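One structure below.
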Amino acid sequence: MLFKWFDKLTENTTRQSARLTSRRSFLASVGTVLVGTAAYPLLPVWRNGAQAASQAGADPKEVSPGQDPGDPESCEYWRYCAIDGYLCSCCGGTKTSCPPGTQMAPITWIGTCRNPADGKDYIISYNDCCGKSACGRCQCIRNENDTPAYLPANSNNINWCSGGPADVVYNCSTAIILGIQ
């Protein structure tokens, strides 16, 4: 007697759901979830930034010193066309490595910058270095081709340090060449 009302409620809810939905719409929903899950790793956020930074010195995509014009400690340096933050080259690191006591965030934002020496467009990975307080020197805010925060792969206004296991304190940013466009 006590569960009769619960059985009736369950039966009515199930019948109403069956009237309003079909197997085809259920299968379409399941298919959408499966395709979305499979496509998630293809999103344009590069998650292997720390590994590439450790290999940047021997990277064949790196331009030769004669083809790398400009001062890496200047905001006008060609690689910094989409950077927003403090330059690691002024903070004890280099344009491709973090200063001592910090570690590179595992996710990055990307930009495309034209090298004036060879006229080619290079895909640049901007990696935040995390773990110490902000460097405070050589702040560079260049928003060429920056996108809003709801398109995160190309947005430089996000604290990318929060994406990794390291301390979320931002220190500075690097600019690593990923390839030629």
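Coordinate-derived values only; no laboratory data. Owing to the predicted nature of the structure, the values given are computational and were not obtained by experimental measurement. Counting neighbours? That spans all protein chains shown, and the Cβs are built from the backbone with ideal geometry, glycine included.
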Packing-based order for 171-177, 95-101, 121-127, 23-29, using average beta carbon neighbours within 10 Å, highest first: 171-177, 121-127, 95-101, 23-29
Ile180-Thr14 pseudo-label distance in nm [points 7 Å out on the Cα-to-Cβ vector]: 6.6
Peptides ranked, highest mean first, by Cβ atoms within 10 Å: ranges 9-22, 72-85: 72-85, 9-22
